[in-house]
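This report refers to the structure that appears directly beneath it.
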Amino acid sequence: MSATPSGLATSYDPVIHRWPHLVHADQLQRAVTNYLFEQSDVMLELLKQRDRVKMRPKEPDSRPFSLGYEIGAYGTNLALLRSLESCIALLHFQEASTRTATSFSTAAARLGAQTFLIQDVGRAEDSLTSRRKGETLRMTLEMYRQYHADSLIMRSPNVADPYMAAQLFDDYTGSHWPDHDKRWGVVINAGNGDDQHPTQALLDLYSIRKVAGSLSDLTILFAGDVGRARAVNSLLIALANCGNNITVKLAVPVIGDYRLVPPQPTLDRLTQAGVNYELVDVPDRATFVSLAQAVDVAYYTRLQAERYGAELAPDFAAQNAAIILMDEELMTAAPNLHVFHPLPLREEIAEGMEEHQRALFRRQAGWGVPVRMALLYSCILYPEELQRLAYT
Ligand code: NCD
């Protein structure tokens, strides 16, 4: 483990970083993940019930929509919609986001929590936070802790940030409630540089399991940026932990001598878990199509252009996207292929293909809300249960 001068961790350390924080996909172990899947199913059902109640035609003289009344009338688990009332979910996003920020905000709001989204992207001189005045992230995090944020959902370009935050939130010595019986301020990593995106991995496992029926006996092809996409890195680790008899094919983009491969520790993790993986060079379209024909699931990502400097040839993305392109021809040639994608889509998916029956990305994104509801609900209200499942 490495640490800042202040002694805070800058990388994942399983001894320090523990549930109910979720900072690394390594924490997505089988028991805790299965529990969260069950909770996600409950939340999904709850959302359906809520929509039915909300859309119920009202009699001319009926009172305006009132949740209390509806709960009484229907006697369902709609009461869950108030379970996080009085809780605060702070979202601190230092990188662009559409789905993760919105689905977390929606998830928190659906459970009755108040959400605050702080978007602090780009140059310090343009910031609307005190970063503009030179304040450090560490001090900002200190403030969130002093304000008793029940959860801090953070996205950062710096790998170290969520690891530092989770440790800081566990340290009660500087807080104004040092003797208070454990007030959990939960830190959730919503993406840190090219390292981790554990809630995306949880959502991806949930989605694959829902469509494939289980996380067993699957061959999964990874296409796109298998080298730098944190969604891929996290999902590989989560699959190593939670899958049974999984085979992984990684379509490695190759341009000249340049090969994008996942970080070695992640590959070692796959080996250690008995996941049969293969790094496959795909110099042309025909190689890719035959690869796609032999798998159950393809997990696509866009090339993470923002994470490369001059080393990336300008036409790299276009060349690679043409080889792996998910289009009608590919889906016809591979009639059993189901395609997932964390989004946003770029050139790797042909226009209009999100309408394809076996393109699951829109449903996958939609499941982000119930999965994140399950996560917030469990982390904030039942931390001991998560710890019991994860550590005993
Ligand atoms: C991903 C991310 O931010 O890592 N997006 C997301 O959260 N759904 C994937 C990406 O940006 O390519």
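The values are calculated or read from the model by the stated rules, or taken from the named source; none is laboratory data. Computed from a predicted structure; not experimentally measured. With ideal geometry, Cβ positions are generated from the backbone for all residues, glycine too; neighbour counts draw on all protein chains shown. With ligands, DNA and RNA removed, areas are computed over all heavy atoms of the protein, side chains included. Shrake-Rupley method; radii C 1.70, N 1.55, O 1.52, S 1.80 Å.
Could you please find all residues in the stretch 234-252 being assigned to a strand (DSSP E or B), of a type in the set (Val, Ile, Thr) and more than 18 Å from residue 303 (Cβ to Cβ)? 246, 247, 248 - these are the residues of the stretch 234-252 that are assigned to a strand (DSSP E or B), of a type in the set (Val, Ile, Thr) and more than 18 Å from residue 303 (Cβ to Cβ).
Limited to the stretch 344-366, what total is found for residues that are in contact (Cβ under 8 Å) with a residue 12 or more places away in the chain and open to solvent by less than 40 Å² (accessible area, probe 1.4 Å)? If you could, list the steps in order and put the result at the bottom.
Applying the first criterion (in contact (Cβ under 8 Å) with a residue 12 or more places away in the chain) to the stretch 344-366 yields 344-350, 353, 356, 358-361, 363-365.
Add one more test, that the residue is open to solvent by less than 40 Å² (accessible area, probe 1.4 Å), and what stays is 348-350, 353, 356, 359-361, 364-365.
Within the stretch 344-366, residues that are in contact (Cβ under 8 Å) with a residue 12 or more places away in the chain and open to solvent by less than 40 Å² (accessible area, probe 1.4 Å) number 10.
Out of 99, 82, which single residue is more than 16 Å from the ligand (Cβ to nearest atom), basic (Lys, Arg) and either open to solvent by 40 Å² or more (accessible area, probe 1.4 Å) or over 16 Å from residue 140 (Cα atoms) (or both)? Don't jump to the end; show me each part of the working.
Details: 99 fails: more than 16 Å from the ligand (Cβ to nearest atom).
None of the others qualify; the one that does is 82.
Scanning the stretch 192-230 for residues that are touching an Asp or Glu at 6+ places or on another chain (Cβ under 7 Å), within 10 Å of the ligand (Cβ to nearest atom) and open to solvent by 10 Å² or more (accessible area, probe 1.4 Å) returns 228, 230.
The rows are residues; the columns are (1) outside the structural domain of residue 338 (by TED's automatic domain parsing); (2) under 20 Å from residue 26 (Cα atoms); (3) in contact (Cβ under 8 Å) with a residue 60 or more places away in the chain; (4) in a helix (DSSP H, G or I).
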site: 143; (1), (2), (3), (4): yes, no, no, yes
site: 155; (1), (2), (3), (4): yes, yes, yes, no
site: 164; (1), (2), (3), (4): yes, yes, yes, yes
site: 203; (1), (2), (3), (4): no, yes, yes, yes
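Out of curiosity, is residue 303 at pLDDT below 95, of a type in the set (A, V, I, L, M, F, W, C) and within 16 Å of the ligand (Cβ to nearest atom)? Here the answer is yes, as residue 303 does meet what is asked.
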